[in-house]
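Reading through the C-alpha cells given below for one structure.
The values are calculated or read from the model by the stated rules, or taken from the named source; none is laboratory data. Given the structure is predicted, the values throughout are model-derived calculations rather than measurements. Heads up, the Cβs are rebuilt from the backbone with ideal geometry, glycines too, and the neighbour counts pull from every protein chain shown.
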Amino acid sequence: MAARTAFMQGNEAILEGALHAGARFFAGYPITPSSEIAELASTRLPARGGVYLQMEDEMASMGAVIGASAAGAPAFTATSGPGFSLMQENLGLAAMAEVPCVVVNVQRSGPSTGLATRPGQADVMQARWGTHGDHPSLVFAPASAQECFDLTVEAFIWAERLRTPVIGRADVVVGHLRELVALPDPEDGRALASRPRPQGPPDDYCTYRPGPDGVPPLADFGSPYIVHLNGSMHDERGYPSADPAQAGRLIQRLVAKVQARVGEMVAVRHFRHDPPEGAPPRPAVLYVAYGSTARAAREAALMLAEKGVPARLLQLKRLWPFPDSEVEAAALEAGLTVVPEMNLGQVVLEVERVVGKRRPVWSCAKSNGEPITPDEILARTLEVVGA
Amino acid sequence: MKARDYLIEEAMPLFWCRGCGNGIILHALLRALARLGKSREETVVVTGIGCFGKADDYIRTHSIHGTHGRALAIATGVKAVNPGLTVLALMGDGDCATIGGNHLIHAARRNIGVTAVVANNLNYGMTGGQFSATTPQGARSSTSSFGNPESGFDLCRLAGAAGAALVARATVYHAALLESLLVEAISCPGFSLVEVMSSCPVYYGRYNGIPDPAAMMRWWQESAVPASRYAELAPEEKQGRFPIGRLGGSDRPAFSERYARVQEAAQAGAGRWIQAGTDR
C-alpha cells in the first residue's frame with residue numbers, strides 16, 4: 001500500500017527509491033540530465049547520517065562508491081553518457097571484486113557530448129559490454145516516474161543480494177518527466193537491500209567462498225571478518241591466482257550467479273490493444289520497447305488497434321540479462337515484431353537473436369536527439385505490415 | 001602485534017625483483033602499524049596497479065586491490081563512510097602521480113584522512129621501465145632513449161600545495177626515518193603523504209648507469225639531505241639532491257570532522273549551514 005502519493009520528477013523518484021532501499025552513500029560528478037539526483041542526495045543523505053561526496057570525475061565517483069560499499073554502506077551514483085563512459089573502468093572492478101553498487105545512467109544523445117542534453121537510448125549495448133572482459137550485467141529501464149522509484153529499489157535489492165553492480169538505465173525524458181508516484185511506507189523499505197553476511201569463526205572466513213547460490217558472503221571493512229577484495233583474478237581468499245582452472249570457474253560464477261536468479265527479477269510489462277468488435281481477424285503486431293519509447297509505442301498500439309490491427313506491447317523493464325523467454329513467447333504469438341528505439345538499432349538485434357527466422361522483426365530506429373513519436377512508430381508499422 | 005603478525009607469510013617470497021626497494025617499504029609500514037598497535041580489523045589497505053600496487057598481496061589487514069590510479073578515490077569512499085578506520089593507500093609513482101594525479105591533488109584538497117604511501121622508483125617498473133610523471137628531465141627509460149624531455153613532479157610540493165595535512169619524504173636507504181614518518185602520517189587525522197624514493201635497479205638503474213642495487217642505495221644515501229640542512233644549501237649544492245623528513249602540511253580540520261558538521265546541520269533542518277573557514 002502506498003503511504004503517500006507525490007508529484008515528482010523521475011530523477012527525484014530515483015533518489016526516493018534509493019533512500020527507501022537503504023542507500024547511505026552517493027558519490028558523483030555533476031552532469032545533465034542526472035544532476036537533480038546528486039542535488040537531492042547532498043541534502044537527504046547527511047540528514048539520515050549518510051554521506052554525499054562530490055568527486056573530481058566519474059572514475060573517482062565509481063571508485064568512492066566501491067570503497068564506501070566495501071565499508072558497509074549501500075552506495076550509488078548517477079550520471080549520463082559521457083560520465084557513464086568514464087565509469088566503465090570501475091564498473092568492471094565492482095563486477096570482478098564483487099562489490100554491490102547501483103549506477104544510474106540517465107541517458108542522453110551521443111556519441112561524445114552529442115546533442116547535450118537531448119534524448120537518446122544508444123547506451124544499451126554499452127550497459128551490457130562497456131567494461132572490458134566477460135562480466136555479468138544487470139540493467140533495469142524505467143519508463144515512468146513510478147518505475148524510476150520501483151526499479152531503483154529493485155536495483156539495490158539485487159546489487160546487495162548478488163554482490164554485483166546494477167545499472168539503472170533511465171533516459172532524459174523519463175528523468176525529467178513529472179508524474180504522480182506512489183511512495184510506500186518508509187518502514188517497508190528497512191533492510192530491503194541486504195547483502196549476504198558471513199557467519200562462523202572469523203578466521204575461517206574467505207572473501208570469495210560462494211554460498212549455495214553462488215554468492216560469497218561479504219563482511220564490511222572494519223569487521224573481525226577480514227576482507228580481501230581483488231580486481232585481479234583471485235582465489236577464494238582473495239589472493240591473486242593465475243591458475244586457468246580457477247580463472248574459468250570465477251568468470252563462470254560471476255555470470256551464473258546473476259543468470260540463476262532472473263526468474264525472480266522484474267522483467268517485462270504486457271499491454272494488449274484489440275480492434276473494435278467485429279473487425280476481421282488479423283495477425284497481431286508486437287512492439288518491443290523500453291524507457292520513454294515504450295510510452296510512444298503504447299500510443300502507437302492504441303492507434304493501430306483502431307485501424308483494425310491487434311497490437312501488443314512488451315515493455316522491457318529489464319534489459320540485461322535480456323528477457324529471452326518473455327520476448328520469444330510474445331513474438332511467436334504475434335505476426336511480426338517492431339522494435340522502436342532511440343538509436344540505430346540495438347535491442348532489435350537481441351529480439352532477432354531470440355526470434356530467429358520464425359517471425360519477421362523490424363527496426364524502427366531514430367537517432368537524432370528527438371524522441372520517437374507515436375505517429376512515426378505507426379507509420380513504420382503500416383509500412384512493414386503493408387496496410 | 002608485531003610487524004610479522006600483519007604479514008601473509010604464505011605469500012612469500014616477494015614478487016618484486018632483486019634489489020627492489022618495495023620490500024623495505026613494506027617492512028617499514030608493518031613495523032609502523034605494530035608500533036601504533038593497529039588491529040587488523042581497523043586497518044584497510046587500498047592499492048592500485050603497479051609494482052607497489054602488489055603490496056596488498058602480503059598484508060593481513062582488510063584490503064582492496066583496485067584499479068590503476070584510483071586507489072585514493074576508493075580510499076576516500078572507505079574513510080568517508082567509516083572515519084574510525086585507518087586507511088592506507090599504497091601506490092607507485094605511476095599509480096599516484098601520473099594516472100592518479102588528479103585524485104592525489106583532490107584527496108589533499110579534500111583533506112580526507114587517508115595515508116598515501118608512494119613508492120617512487122622514478123619509472124613504470126611493472127610494464128618494463130617507461131618514464132612516468134616523476135622521472136627526472138633527461139633521464140633515460142624504455143620510452144625515452146634520448147633522454148626524458150619532460151620534467152618530473154616534486155610530489156611532496158604538489159601534495160603540500162594542494163592542502164595535505166602532512167607531507168614527508170624518505171628513501172629506502174633511510175628505513176628507520178621512513179618508519180617514524182609513517183607512524184606520524186598514520187596518526188595524522190587529515191590527508192598525509194609519505195613519498196619513498198625507491199630503488200629500481202632492473203629498469204631505472206640499468207637505463208641510467210646504476211644497475212647495481214648497492215650502488216642505488218649509495219645514490220639515495222648521497223642525494224638525500226635532511227630537510228633542515230637542505231634549506232641551508234646553496235642553490236648549486238641542491239643540484240641532484242633532495243630533502244627528506246617532514247616537509248610540510250597544514251592544520252586544517254580533516255574532511256570527516258567537517259562532514260560531521262554537515263550531517264548535524266542537515267539533521268537540524270532547513271536554514272542551517274556550517275561555519276565558513278578562513279583557509280583557502
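Worth pointing out:
- For A:VAL181, the conditions (1) over 14 Å from the mean Cα position of the chain (by Cα); (2) more than 18 Å from A:ALA21 (Cα to Cα); (3) surrounded by 24 or more Cβ atoms within 10 Å (Cβ to Cβ) all hold with the exception of (2).
- Per this entry, B:SER187 is counted among residues that are out of contact with any strand residue (DSSP E or B) (no Cβ under 7 Å at 6 or more places or on another chain) and among the polar types (S, T, N, Q).
- In segment A:188-224, the residue that is surrounded by the most Cβ atoms within 10 Å (Cβ to Cβ) out of those that are more than 17 Å from A:ASP235 (Cβ to Cβ), among the polar types (S, T, N, Q) and out of contact with any helix residue (DSSP H, G or I) (no Cβ under 6 Å at 6 or more places or on another chain) is A:SER223.
- Flag if A:GLY81 is in contact with a Lys or Arg (Cβ under 6 Å, 6 or more places away or on another chain) and farther than 30 Å from A:HIS228 by Cα: yes
- Qualifying residue in segment A:80-95 (condition: among the small types (Gly, Ala, Ser), more than 19 Å from the chain's Cα centre (by Cα) and either within 14 Å of chain B (Cβ to nearest Cβ) or not in a loop (DSSP other than H, G, I, E, B) (or both)): no
- Checked against (1) under 25 Å from B:ALA265 (Cβ atoms); (2) in a helix (DSSP H, G or I), A:PRO30 passes all but a single condition, namely (2).
- When the helices (runs of 4 or more DSSP H) confined to segment A:113-210 are screened for residues that are under 22 Å from A:ALA73 (Cα atoms) and of a type in the set (Asp, Glu), those reaching at least 2 such residues are found at A:145-162.
- Flag not set for A:LEU286, criterion: outside any loop (DSSP other than H, G, I, E, B), modelled with pLDDT of 95 or more and within 14 Å of another protein chain (Cβ to nearest Cβ).
- Yes/no for A:GLY263 being within 17 Å of the chain's Cα centre (by Cα) and free of Cβ contacts under 8 Å to residues at least 40 places away in the same chain: yes
- Checked against the criteria, A:GLY63 does not count as within 7 Å of chain B (Cβ to nearest Cβ), more than 21 Å from the chain's Cα centre (by Cα) and outside any loop (DSSP other than H, G, I, E, B).
- All positions within segment A:96-122 that are closer than 27 Å to A:HIS20 by Cβ, of a type in the set (A, V, I, L, M) and within 12 Å of chain B (Cβ to nearest Cβ): A:ALA97, A:VAL99
- Among all residues of segment B:257-269, there is at least one that is surrounded by 12 or more Cβ atoms within 10 Å (Cβ to Cβ), in contact with a helix residue (DSSP H, G or I) (Cβ under 6 Å, 6 or more places away or on another chain), at pLDDT 95 or above and not small (Gly, Ala, Ser).
- Of all residues in segment B:234-247 being within 24 Å of B:VAL118 (Cβ to Cβ) and at pLDDT 95 or above, the one that is surrounded by the most Cβ atoms within 10 Å (Cβ to Cβ): B:ILE244
- Of the residues examined, A:VAL347 is not one that is hydrophobic (A, V, I, L, M, F, W, C), in contact with a Cys (Cβ under 8 Å, 6 or more places away or on another chain) and either within 17 Å of A:ASP123 (Cβ to Cβ) or not assigned by TED's automatic domain parsing to the domain that holds A:LEU177 (or both).
- Condition met for A:PRO216 (over 26 Å from A:ALA18 (Cα atoms) and in a loop (DSSP other than H, G, I, E, B)): no
- Inter-residue pairs, beta-carbon under 7 Å, first more than 7 Å from chain B (Cβ to nearest Cβ) and in segment A:226-238, second buried (at least 24 other Cβ atoms within 10 Å of the Cβ) and modelled with pLDDT of 95 or more, 6+ apart: A:ARG237/A:THR207; A:ARG237/A:HIS228; A:GLY238/A:THR207; A:GLY238/A:HIS228; A:GLY238/A:LEU229; A:GLY238/A:ASN230
- Just one of the listed residues (B:SER223, B:SER180, B:SER151, B:SER192) is at pLDDT 95 or above and touching a Phe, Trp or Tyr at 6+ places or on another chain (Cβ under 9 Å), and it is B:SER223.
- Only one of A:ALA331, A:ALA267 that is out of contact with any Leu (no Cβ under 7 Å at 6 or more places or on another chain) and more than 24 Å from A:MET96 (Cα to Cα): A:ALA267
- Of residues in segment A:239-255 being without any contact (Cβ under 8 Å) to a residue 12 or more places away in the chain and of a type in the set (S, T, N, Q), the one nearest to the other protein chains (Cβ to nearest Cβ): A:SER241
- Looking only at segment B:57-106, residues that are at the interface with chain A (Cβ under 9 Å from one of its Cβ atoms) and in a helix (DSSP H, G or I) come to 16 in all.
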